[in-house]
1. Would you mind checking the tilt of helix 80-92 against the longest principal axis of the Cα atoms of the chain, expressed as 0 to 90 degrees and rounded to 10?
2. So, by mean Cβ neighbours within 10 angstrom, what's the order for 142-148, 225-231, 88-94 with the highest one leading?
3. Residues of the range 249-286 with the amide nitrogen closer than 19 Å to a label point 7 Å from the Cα of Asp222, along Cα-to-Cβ, please.
4. What is the range 35-158's relative contact order, in percent, from Cα pairs under 8 angstrom and six or more apart in sequence?
5. Quick check: the distance between the Cα centres of the range 55-127 and the range 149-168, to the nearest angstrom?
6. Shape call for the range 200-269 from the C-alpha gyration tensor, a ≥ b ≥ c root eigenvalues: rounded (a/c under 1.5), prolate (a/b greater than b/c) or oblate?
7. Roll a 1.4 angstrom probe over the protein heavy atoms and tell me the percent of accessible area of the chain that is carbon or sulfur.
8. Assuming a viscosity of 1.002 mPa s and a temperature of 20 °C, what translational diffusion coefficient in µm² per second does Stokes-Einstein assign to the chain, Rh being the Kirkwood radius over Cα pairs?
Amino acid sequence: MFAGRAPGDPSADRIRIFAPAKINLFLHAGEKRPDGYHNLESLIVFAEVGDRIELTRSGEFSLSVTGPFASALPGFVHNLAFQAACELGCRAGVQDGVSIALEKNLPVASGIGGGSADAAAVLRGLKSLWGLTAFDLLPLARDLGSDVPVCLLSRPCWVEGRGEILTELTPLPWLSMVLVNPGVAIPTAAVFGALNARSGTGRLRPPGAVESLWDLIRYLGDADNDLEGPACELAPVIQDVLNALEQEPGCAIAAMSGSGGTCFGIFHEHEFANGAASRIAMDHSDWWVAPTRLAGPDAGKPI
Ligand code: C5P
């Protein structure tokens, strides 16, 4: 919602943006490239749970963080959302600054794109706040990180390259999901560094219309997240998370997202997902457990 002005009004002083969690439904890795990155193929979707950001026009750049995971974040200089704002101001020749208020609801370094989602949301919000209608955010998003381009769209995508080649897919149905993180921060580079066995690219092509959970189950078949093995070696508790999800009634798919350690379970009915979330949270009071759904086509738009 734009404070006191109509949505889309470039003269607004404040804008609120939602930064949804990204979920890799599968992730196949290829060989390491000369630039140090791995070629990937992945199907990425977004959840209804996420961080919330408020941007307010200001003479300088500042960042304040609240929310359950505020204390887990590094200082503002190393914060990707802060860097995104400064870099956009610089590249677009904007004289203003911005005050960023970040409500950090997603665990940090957890494979669901929290930092990338925040940076992408800041880019989307500032494009509107600063009236940069003709500015192409994609090159800057690519420079900020492999997951930032897909988070810019925040819609279901088939993803290739190091993460920056996107094919947008038709929206998936609302599917009930539970996200579980065991509270261990897993640096992406360390997981890629421990990668041995890989599926390679070319095993799957983008799905056609996915209209039901059964379509998704059929499509995913024996697709894997190649980073699951190395992440479980670095943090064996991730296997406990996967086991906890898999043994829940109504769980159709359980896997790790990105480089971990957040895992997701997709359930046949919302009641199954809610029941699983309550039981897992009760059994593991130190785990982050979020019952949610795959986000609809409006995810990532100003709220
Ligand atoms: O792009 P981003 O900064 O998110 O990547 C973090 C690290 O993860 C990279 O430095 C690289 O070691 C690894 N990575 C990779 N292949 C990718 C994406 C990330 O090896 N496609």
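The values are calculated or read from the model by the stated rules, or taken from the named source; none is laboratory data. This one's a predicted model, so the numbers in the text were calculated from it and none came from an experiment. All Cβ positions, even for glycine, are placed from backbone atoms using ideal geometry, and neighbour counts span all protein chains on display. Keep in mind that these areas ignore ligands, DNA and RNA; they rest on the heavy atoms of the full protein, side chains included. Shrake-Rupley method; radii C 1.70, N 1.55, O 1.52, S 1.80 Å.
1. It is inclined by approximately 40 degrees.
2. Descending mean neighbour count gives 225-231, 142-148, 88-94.
3. Answer for the range 249-286: 253-256.
4. About 34 percent, as a whole number.
5. Cα centroid of the range 55-127 versus Cα centroid of the range 149-168: 20 Å apart.
6. oblate
7. Accessible surface attributable to carbon and sulfur in the chain totals 52 percent.
8. In µm²/s, the coefficient rounds to 110.
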